[in-house]
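The values are calculated or read from the model by the stated rules, or taken from the named source; none is laboratory data. Since the model is a prediction, treat every value here as computed from it, not as a measurement. Positions of Cβ are generated from backbone atoms using ideal geometry, with glycine treated the same way; all protein chains shown enter the neighbour counts. Note: accessible area is taken over every heavy atom of the protein model, side chains too, but ligands, DNA and RNA are not part of it. Shrake-Rupley method; radii C 1.70, N 1.55, O 1.52, S 1.80 Å.
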Amino acid sequence: MRTSALVSWLFFYSNVATVFRIKVFSVSGQCQSDQQELLLGLKNSLNSSSSEKLVKWDQYTDCCSWDGITCDADGQVIGLDLSNQSTSGAIDESNSLFHLLHLQQLNLDYKSFKSTFPSGFENLANLRYLNLSNAGFTGQILVEISYMTKLVILDLSKSWLRDIGSLKLKKPNLVMLVQNLTRLQNLYLEGINIAADRNNMSGYHLSGPINPSLAKLKSLSIIRLDINNLFGPFPKFFAEFQNLTSLHLGGNNLSGSAPKEILQAPKLQSLDSTFNKLLQGSFLRFPLNASLQSLLVGATNFGGQLPESIRNLGQLTRIELTNCKFNGPLPKTLEKLTQLVYLDFSSNNFSGPVPSFTTSKALTYLNLAGNQLNGSILSTNWSSLLNLVSLDLTRNSFSGTSQSLREIYLPQNQFIGGFSEVKGEFSSLLEVIDLSRNRLQWPFLMFLFEIQGLHELSLSCNKFSGLIPRSVFHKLKNRTVLDLSYNNLHFDSNFLKNLSILDHLDLSNNRIHGKIPKFERPSYITSPLAVIDLHGNQLQGQKPIFPPKVVYLDYSSNNFSSVLPHEIGEFLQLACFFSLSRNNFHGSIPKSICQGSSLLVLDLSNNSLSGSVPECLIQMSVSLGVLNLKRNNLSSNIPDTFPENCVLQTPDLNRNRLGEKVPKSLVKRRITSRLRVLVLRSNKFKRDVNCRENITWLMLQIIDLASNSFGGKLPHGLLMTWNAMMTEKDEPYSEILHFQFLKLSELSFLDSMTVTMKGLELELVKILTIFTSIDFSSNKFEGPIPEAIGDFRVLYLLNFSNNALTGTIPSFLGNLLKLEALDLSSNHLIGQIPLQLAKLNFLSFLNLSNNELIGKIPLGTQIQSFPEASFENNARLCGLPLKALCESPAVTKVDPSNPRTGNHINWNLISVEIGFVFGLRAGIVPLMFWKRWRIWYSKRIDRVLFKFFPKLDHRNRNHRTIAHWIQGRRL
């Protein structure tokens, strides 16, 4: 439903990306024969059968009349335009193209050449206009381009929407490429891998700062460096370009503060710095009579208040400030922007009422979602905005509604009741209405179903309850999308027959009961019923009905109880999401399920399925991203047939009876490098996990091997590749771990997992993308805890309990500052608890019980706050919270008035102590190993003692040994 905003953006983007061409005013002469031969040679080198232009080229007509060809008065070809033609093939330096020496314009954009960047361009020294954007060339851009000193327009860009190879600027780099192009006015390098000028940088997508030598190109008018992974500051010298009309630096990693002078550039019409998350800036004042038409700074750190001087941007047609840090009221002077077509201020902290946009007659898109705006939206005369197509006021505090729109998004506001007070405000032109996540309730909004042109209606997450009137379903003739999910509605499932005309049906989490009827779409509807979501209801039946050609099907969390039909695959040939989890399906998994070759998510978890995992299902992981078979009764070995090009990210096989070996094909480098979640808990897997393969699990953030029979030592080498647990992720805490299987929609699969804590298994339904977990509990692992664990600085949960680990608890566990749960219980760990554990301030669960630990429990804000059970059954462990107290030696009190106490160093005492140590060594060694010396020394010491202490009882004389005396002196 929400893809319309993205489509609108793409449509606008494609129109704003103006294709510049140089017009040559000349009288076209008759084509020269050599020119015609060269052009026919070019045609023959390409697959031209699908090209509308090339198929018309033939040797019997004048080549100057051919489509895409421009000649001068002498019949020399000076212009070649093959843009947007379905041609393919390879072009190399021998191609006749590079013998058209008089060419001034060459346009080969949007081709499929699929070859390395060719040499030969140095022959085309007369070129003024060169457009190779999205032509399919790959590899290094050759230095020959820099020899074309007459170039005025150079376009080597690549669209992020096209899956073609990319070009790179390394040798030559950007500076070398343009240093001779002093006439250059328009430079398009979007999506190019631009190399830094640093010798110590390496790796894929090499990037760097924008080189200051570009400041020499004063004639530049259009600069496009989008999506290049450039970093460093926003160059100030761009503001000095007097002819600058368009500057696009979006999708990079620029940082620091954007220079305020850039908006003072006298001819600047378009500025795009979007998606530079570290780039800061604010708008203090906009210049008078500014030429700015497009201002895009979304997804940056720009912030502050919008000044009243925004009225000076009288030519502004598009402004995007989405997902920034702007605050304060919306300036009333926005009413002066009469040329506005597109405005997006979503996801900021703007507050107060919305100014009137009545004078913005051209406005088609308005998005103020995710702010703190309030008041009535009826304060604006929306009926005068005849071109307004989409209005999104999501997540504010508005009341009231609007009129004369085609799309209206008002979810997550404070609308209450039945909404009937604004019934008359809805226009018959409306096509999309989204009132989800409000507090609407009965009377049911029947008038919404009476809007004849309405195609999409979302009323999810409100307070509707009770029966839906039968008459509602007879008014859905023009509907394509209906979302009534997460309410408390109930009706018999037979009503679903009337909904088969829809393309998207979501009735999840209501109280629908009965059996699913057969879906029969009218003959006049050719499109499939693409999305059906009925999860979380009370549906039942021995054989559920599956609609044909469905793309998204979710019957999970119902009361179905049957075997899976053997022909189930016939219904899944177009499906990319299929979930039957949390029912009572039993029997085996039919092999026909593998006919769903487009499946990206398959969830059959929490049923009673038995038998083996079909081999063809494993082979489907060339496209399958999520395979969830947990909590069934599946048995035997997992087929060792994972393909080389496996894209599986989340295999969850928890709580089955699978074993004994982990398939070798699952742990190959190309497969495991994509894994984010691996769950093999509660099966019958055996043997060790010391894989000999060269494995890199760079993305793995959750691994659960608990309750199996794995043994051997923990794999130190394998652990060292788990980069996702070592480095901080640049992701918001609100992000939930999911697998988005339709890139241009909001449909996704939320990962869930089981963790063991406090001896209980807990189900985590929504997992943050920053969550990391290792659970190897209840296995047969042995040996010490690997040192690699100390590098997991963003690890949240570590469970090695119920194994046979030995050695001490390593002090490097104190490095895991994010750790919230640590369970090392029921092993054979010895030694003392390291003091470093006291640094784990986020630790909320600790269990070290049933080991062989000794000594005193460390003092710390966290350690001693845990219950006694966390430390029990360690016979020689003492201190709080245990009842066993540690024996503490008596401490000699030091007189605070003693001038020798304090923090200063007394070097006289140091020298005495050094002498004492050496003297002690000379005396102690003979005492330990020479009996005659011990006797002689004891007698002499006794005489000295009684000489100075005559009252000392002589009866203790024979029992006062030198050892006792030395001990007393030390205390």
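Test of understanding: what is the full-extension gain from Arg511 to Ser465, defined as 0.36 nm times their sequence separation minus their Cα-Cα distance?
Values: separation 46, 0.36 × 46 = 16.56 nm, distance 0.94 nm.
Result for the pair: 15.6 nm of gain on full extension.
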(request) Could you tell me the accessible area of Met720 in Å² (1.4 Å probe, neighbours in place), rounded to the nearest ten? (result) 100 Å²
(message) How far apart, in nanometres, would the label points at Leu288 and Asp640 be if each is projected 7 angstrom from Cα along the Cα-to-Cβ direction?
(response) 8.2 nm
(message) Place a point 7 Å from Cα of Ala869 in the direction of its Cβ. Which residues in region 832-863 have their backbone N less than 15 Å from it?
(response) 845-850
(request) Would you mind getting the accessible area per residue of region 62-125, heavy atoms of the protein chains only, 1.4 Å probe, in Å²? (result) 37 Å²
(request) For Gln573 paired with Ser709, estimate the spin-label separation in nm (one decimal), with each label point 7 Å from Cα along the Cα-to-Cβ line. (result) 4.5 nm
(message) On a 1.4 Å probe surface of the protein chains, which of Arg657, Arg128 comes out largest in accessible area, and what is the full order?
(response) Arg657, Arg128
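Using the structure shown, list the pairs from Lys236/Lys277; Lys168/Lys277; Lys236/Lys267; Lys168/Lys267; Lys661/Lys780; Lys630/Lys684 with a Cα-Cα distance above 21 Å, or answer none. It would help to have the intermediate numbers written out before the result.
Working: Lys236/Lys277 19 Å; Lys168/Lys277 24 Å; Lys236/Lys267 16 Å; Lys168/Lys267 31 Å; Lys661/Lys780 15 Å; Lys630/Lys684 14 Å.
Among Lys236/Lys277; Lys168/Lys277; Lys236/Lys267; Lys168/Lys267; Lys661/Lys780; Lys630/Lys684, the Cα-Cα distance tops 21 Å for Lys168/Lys277; Lys168/Lys267.
Counting only other residues whose beta carbon sits under 11 Å from that of His99, what net charge do I get with K and R as +1, D and E as -1?
Details: positive: none; negative: Asp34, Glu37, Glu93.
Taking every Cβ under 11 Å from that of His99, the sum is -3.
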(request) For Arg657, put the label point 7 Å out on the Cα→Cβ axis and report which residues of region 608-623 keep their amide N under 11 Å from it. (result) 610-612
(message) Less than 12 Å from a label point 7 Å out along the Cα-to-Cβ axis of Lys277: which backbone N atoms in region 816-843 qualify, by residue?
(response) none
(message) Under a crude label model (7 Å from the Cα following the beta-carbon direction), how far is Val563 from Thr149 in nanometres?
(response) 8.3 nm
